[in-house]
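The values are calculated or read from the model by the stated rules, or taken from the named source; none is laboratory data. Because the structure is predicted, anything quoted here is derived from the model rather than measured. Positions of Cβ are backbone-derived with ideal geometry, glycine not excepted, and every protein chain shown enters the neighbour counts. When the accessible area is computed, the model is the full protein with side chains, heavy atoms only, and any ligands, DNA or RNA have been set aside. Shrake-Rupley method; radii C 1.70, N 1.55, O 1.52, S 1.80 Å.
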Amino acid sequence: MQIEIIPCLSDNYAYLVYDDASKEGFVVDPVQPEKIMKKAEEKKVKITHILTTHHHNDHAGGNAELSQQLRIPVLGGDSRIQALSLMVKDKQEITIADMKIKVLESPCHTTGHVLYYVVSSDKKVVFTGDTLFVAGCGRFFEGTADQMHTALNCTLSSLPPSTLVYCGHEYTKKNLEFAATIEPDNPAIKAKLAWASDCRSKNLPTIPSSLEEEKTYNPFMRVNEVSVKRDGESAVDTM
């Protein structure tokens, strides 16, 4: 499995994901179709599906144009998604080329938000949209702390620790700056922040991370740590 990171708008990421042997694949949240097509043509990839994490326009806003241009289906978990043609459900499995995709519901940022866990012969990755960011999580626009806790610390935490995380925005540096206010003595936060600052100074992306790494510096995946939660608080209260 090959994954091309495609910066879009001011801080969004879309992804072109394909099997290197067949050159067939899919795109995740292709908000700027012209950028997607340019990369697909460069890599000689045939795009067969559009996978959408949620309905917000900065993720789904390119669906209609790209799906019409390529005559391909748009998958997602919310009827509000632009040009949706196939509604997916929790734990539904899809195969594209040699890639096995499992849909995981993650309501909170939006009620219909989903994650896509993808396994190939050489990689395990998860596309998290605006649920999990590097060192952070999405805003609770349509959900609750309990739902976000379930998404991060049950659903995602149940995946293999080596799973690589491809999120929807470049928020890493500011997320780590916030994490440092919660755990100022956490060496993982200090090291990751120094690294992220260097990456951004060179205009390089700070993704992917891994689930194993996230549990060392992401405060929202460390809500059971005594250094993060207050005395007497539950994990959900800490969220």
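I'd like the antiparallel share, as a percent to the nearest 5, of DSSP beta bridges with both residues in region 45-102. Of the beta bridges lying entirely in region 45-102, close to 50 percent run antiparallel.
Note on the chain: antiparallel DSSP beta bridges, both residues inside, total approximately 70 percent of the bridges counted.
Over 24 Å, how big is the tail of the calculated P(r) for region 88-205, in percent of all Cα pairs? Looking at region 88-205, the distances longer than 24 Å represent 32 percent of pairs. Taken about its Cα centre, region 93-187 carries a charge dipole of roughly 180 debye when the Cβ of each Lys and Arg holds +1 and the Cβ of each Asp and Glu holds -1. For Lys173, give me every one of the lysines with a C-alpha distance below 29 angstrom, ignoring sequence neighbours fewer than eight places off in its own chain. Reachable lysines: Lys35, Lys38, Lys39, Lys123, Lys124, Lys190, Lys192, Lys202, Lys215, Lys229.
For the peptides 191-201, 169-179, the ranking by packing is 169-179, 191-201, with the highest mean count of neighbouring Cβ atoms within 10 Å listed first.
Distant-in-sequence amide contacts of Cys8, defined by a placed amide H-H separation under 5 Å and a gap of 5 or more residues or a different chain, comprise Tyr13, Ala14. Taking the Cα centre of the chain as origin and assigning +1 to Lys and Arg Cβ atoms and -1 to Asp and Glu Cβ atoms, the resulting dipole is close to 440 debye. The fraction of accessible area contributed by carbon and sulfur in region 56-160 is 48 percent, rounded to a whole number (1.4 Å probe; ligands and nucleic acids excluded). What spacing in nm lies between the two simple spin-label points modelled at Glu24 and Asp146, each 7 Å away from Cα in the Cβ direction? Roughly 4.3 nm, to one decimal. Amide H contacts of Phe133: Gly138, each under 5 Å away and 5 or more positions distant or on a separate chain (H built 1.01 Å from N in the peptide plane; Pro and chain starts excluded).
For region 219-234, backbone phi angles converted through the Karplus equation (6.51, -1.76, 1.60; θ = phi - 60°) give residue-by-residue couplings of x, 7, 10, 10, 6, 9, 7, 5, 6, 10, 8, 7, 4, x, 7, 7 Hz, Gly and Pro being listed as x. Length available on full extension from Glu225 to Ile182: 0.36 nm per residue minus the Cα-Cα distance, which gives 14.4 nm. Taking every DSSP helix (H) stretch of at least 4 residues in the chain, weighting each as -39,500 (n - 2.57) and dividing the sum by the residue count yields a mean residue ellipticity at 222 nm of -7500 deg cm²/dmol.
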